[in-house]
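Notes follow the structure.
The values are calculated or read from the model by the stated rules, or taken from the named source; none is laboratory data. Note that the coordinates shown come from a computational prediction; the quantities given were computed from them, not determined experimentally. In this analysis, Cβ positions are derived from the backbone assuming ideal geometry, glycine residues included, and neighbour counts consider all displayed protein chains.
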Amino acid sequence: MKRFKVSFLIISVLIAVLMGLATSHAAEPQISAGVYHTMAIKSDGTLWAWGFNEQGQLGIGTTIYRNTPIQVGSNNDWLSVAAGDWHTIALKSDGTLWAWGAGNGSSPVQIGSDNDWTSISAAAGHNMALKSDGTLWAWGWNGYGQLGDGTTTDRPSPVRIGSDNDWLSVSVGHIHAMALKIDGTLWAWGFNGVGNLGDGTTENRLSPVQIGSENDLSIKN
């Protein structure tokens, strides 16, 4: 009887772990608004879009505007979505990265073959993303150093930002970006003409610079 109880306990734990793994990538309802278009994910993992569509940023295979939500494709494995100005990026539950709109056509196309993407943020013409290993990546327009790679060179595909692997969260503005590390410190880069980076200057920053010395901050997209 004792052996049976132990076996039953082990099986119960394994089932709980497997169920946790199965649901760890379950979709949560969310919404992201660009300049003139909006994207949303339902709890069933389907992706929806509406609004301006001149650049194909709705992802429905056309450039026809939509004044009510329309489903994007038939997939139900969308995990996260971020609407930029004229484009959209998204993650699927398998960790793959997708994009559409200006420069990427009017239907979702996979970006690269990696499947370890965990979070994304999109703005005017640039994007930032995190991988499961804590690394930070960026691509797109870089006229003010908003990618954070130390240059002002545009990047047509994701490039790693620095060598740190302790990034926790990232949020991009129109031409700048902010991010948190796991130690709670705040970092910023890109356009700083009106002091929007918060570093006490109005100098553009081409690479991440720490903002203040606090280590108890949080950031919201």
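Can you name the residue in the range 1-56 that is in a loop (DSSP other than H, G, I, E, B) and aliphatic (A, V, I, L, M) and is also modelled with the highest pLDDT among such residues? Step through it out loud before you land on a result.
Step one: of the range 1-56, the residues in a loop (DSSP other than H, G, I, E, B) are 1, 24-29, 34-36, 42-46, 52-56.
This time we only want the ones that are aliphatic (A, V, I, L, M), so: 1, 26-27, 35.
Details: 1: 53, 26: 61, 27: 73, 35: 94.
Ranking the candidates gives 35 first.
What pairs come out if I take residues in the range 70-90 that are within 16 Å of residue 44 (Cα to Cα) and pair them with residues that are surrounded by fewer than 14 Cβ atoms within 10 Å (Cβ to Cβ) whose C-beta lies under 6 Å away, six or more apart or interchain?
That search, which allows pairs on different chains as well, returns 76/44.
Residue by residue, here is whether (1) out of contact with any Gly (no Cβ under 9 Å at 6 or more places or on another chain); (2) of a type outside the set (D, E, K, R); (3) within 19 Å of residue 131 (Cα to Cα) holds:
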residue: 169; (1), (2), (3): yes, yes, yes
residue: 182; (1), (2), (3): no, yes, yes
residue: 198; (1), (2), (3): no, yes, no
residue: 206; (1), (2), (3): no, yes, no
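Which of the numbered conditions does residue 157 fail, given that it passes all the others? Conditions: (1) farther than 22 Å from residue 111 by Cα; (2) within 17 Å of the chain's Cα centre (by Cα); (3) surrounded by fewer than 21 Cβ atoms within 10 Å (Cβ to Cβ).
(1)
I'm trying to understand the selection: among the residues of the range 186-197, which are more than 21 Å from the chain's Cα centre (by Cα) and either buried (at least 22 other Cβ atoms within 10 Å of the Cβ) or under 20 Å from residue 161 (Cα atoms) (or both)?
Scanning the range 186-197 gives a single hit, 192.
Filter the range 86-140 down to residues that are modelled with pLDDT under 95 and assigned to a strand (DSSP E or B), then give me how many there are.
Matching residues across the range 86-140 total 1.
For the structure I just gave you, tell me whether residue 94 is in the same structural domain as residue 40 (by TED's automatic domain parsing) and of a type in the set (Asp, Glu).
Judged against the criteria, residue 94 is a match.
Identify all residues within the range 56-84 that are out of contact with any Leu (no Cβ under 6 Å at 6 or more places or on another chain) and buried (at least 20 other Cβ atoms within 10 Å of the Cβ); write none if there are none.
56, 57, 58, 59, 60, 81, 82, 83, 84
Exactly one condition in (1) touching a strand residue (DSSP E or B) at 6+ places or on another chain (Cβ under 6 Å); (2) surrounded by 14 or more Cβ atoms within 10 Å (Cβ to Cβ) is not met by residue 152; state its number.
(1)
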